[in-house]
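Notes to accompany the following structure.
Just so it is clear, none of the values below were taken in a lab; they were calculated from the coordinates. In this text the structure is predicted, and so the values were computed from the model without any measurement. For neighbour counting, all protein chains shown are included, and Cβ atoms are generated from backbone atoms with ideal geometry for every residue, glycine included.
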Amino acid sequence: MRWWLIAAGLVLVAAAAVAFGVLTAGGRRGWDGSTLRGNWIDPHGTGTLERGPGEPLLDRTALAPRSRPVRTLATFVQISDPEITDAQSPARLEMVDRYGTPFTSAFRPQETLTGQVFAASLATVNGLHPQAAVFTGDMIANDQENELDEFLATLRGGRVDPDSGGPGYQGVQAASDPDPYYYRPAVDPPRHPGLLGAAVRPFVSPGLRVPWYPVVGDHDLLVQGNLPATPETNAIAIGSRKLVSLDPAALRLVETGKLKPQVVSALLARGLPGTWMRVTPDPRRRELPPAEVLARLRRASGAGGQGRLLDYAFPLGPELVGIALDTVSRAGNAEGVIRSSQVRWLRAQLRTAGRRSVMVFSHSALTSCSGGEAALALLDHDSRVIAAVSGGSHRSAVTPRQTPGGGYWMISTSSLIDYPQQVRAFRLLRTANGGRVLQTWMLDPDPRNRLGSISMQLAYLDFQGGRPQDFAGGRADRNASLYLR
């Protein structure tokens, strides 16, 4: 059964596509993306999104009492999991999506539009005029050179070409694809004839007009976010054959979840394990070694420190320092890891911070990382720490952490790849009683980007995506004033 038949009310959605792109808070000229003033809502439960009222900041006083803000110390944004995707790549494994956990989200109906959503989000960020942007990982989807090229080109601004392989779209969403699992925009509701052709045509990005700081995620350095690149996987990525179904032996491996690097290499050494289709090969789909990804991010951002891990400290204002921790396991899995050497390095950085406040950024939440307890123990006893911020989960959540040092906030943020496709803004302020308050609120992509707006509509309807999984979080996980002593 097609994914779109599972979601209720989709027959009413086609007419909403045009309206979705033009209904903005205060009209087009007034758009700033702030959910403090307006939100996308589905008031009738039909799958049709409308612009509704905003969500004012909620006072959260679990760590300190409310106090009047008196001085702004820093304003910045967090952008997480844009997962710029080459949806035409033969290295993608969309077919495993139907087998369920842990292989969910191997296919998304909006995955051809990741670059346009990213560009629309940058337009909103530029309108806020923050001091900096922090990317908390999974900037690309599959460790491919052309995906990293598109990510960096979108950041620079100007013309961006998302196409790969031959001219035009080749992939599982083509109208001619007989597999009933995939959404085909030319023929399936909500119908968007010509969408795939438009998705792979060059577009113009506004670029990002503030300093940016990268934090790597598993999809940036690992194939499918799970496996180190090998000669066998790279041959598939740059080659002309794309798997469309798995043979029984490969299927049994998928169902047991035993996709270890050595098992996959042995499986691929015997050829593609299933039926395949021919696609146009493209050497630009080359899978990158981690050192090359880190070198390119450092060169483009002008930040990132040195060494084989992307661990570094960076300024977020005269009274606030950010610390980036690289939680990606190079051995190959999606779970985060904190090494003992990183704990020693973190201790030194906390000493170097002096009297400044500290925020720690990682892709995986420290609470879910192997070895994360040692890093958390350092933060727990440091009164300057105000927040540990992560991406990775694709879910917005804000939780107080009571500690001997006075406590800090654990914050995770939804992704740009899944609904609600939002950026998180931060403003740190000094308060009248000598404490601090960290204000945070969500920003929506600019709906004047038509393809980005269609992506949000499709992401909202994705039956296993961010809406059914409640990735937007609760009311207090989005727009809040987080008080600290």
Note to self: Based only on other Cβ atoms within 10 Å, what is the fewest-to-most ordering of PHE463, PHE135, PHE76?
What the structure shows: PHE463, PHE76, PHE135
Note to self: Can you tell me, using C-alpha contacts under 8 Å and at least 6 residues apart, the relative contact order of the chain as a whole percent?
What the structure shows: 24 percent
Check: Using only helices, what value at 222 nm comes out for the chain when you add -39,500 (n - 2.57) per DSSP H run of length 4 or more and divide by the total residues, to the nearest 500 deg cm²/dmol?
Finding: -7000 deg cm²/dmol
Check: Given [x] 0.96; [y] 1.07; [z] 1.15, which label gives Rg/Rh (Cα atoms, Kirkwood Rh) as computed from the coordinates?
Finding: [x]
Item checked: Size of electric dipole in the range 203-338: Cβ of Lys, Arg +1 and of Asp, Glu -1, about Cα centre, debye, nearest 20 -> 520 debye
Next item on the list: Obtain the nm distance between the two label points defined at SER245 and ARG355 by a simple spin-label model: each point lies 7 Å from its Cα along the Cα-to-C-beta direction.
Entry: 7.0 nm
Notebook entry, point to check: Dipole of the chain (Lys/Arg Cβ +1, Asp/Glu Cβ -1, origin at the Cα centre): which of ALA459, THR136, TRP345 lies farthest to the positive side?
Noted result: TRP345
Note to self: To make sure I understand, if each residue's beta carbon is the centre and we count other beta carbons within 10 Å, what order do TYR182, TYR460 fall in, fewest to most?
What the structure shows: TYR182, TYR460
Checklist line | Net dipole in debye of the chain [+1 Lys, Arg Cβ; -1 Asp, Glu Cβ; about Cα centre; nearest 20] | finding: 1460 debye
Note to self: With angles folded into 0 to 90 degrees, how steeply does helix 450-461 sit against the dominant principal axis of the chain? Use alpha carbons for both and round to 10.
What the structure shows: 90 degrees
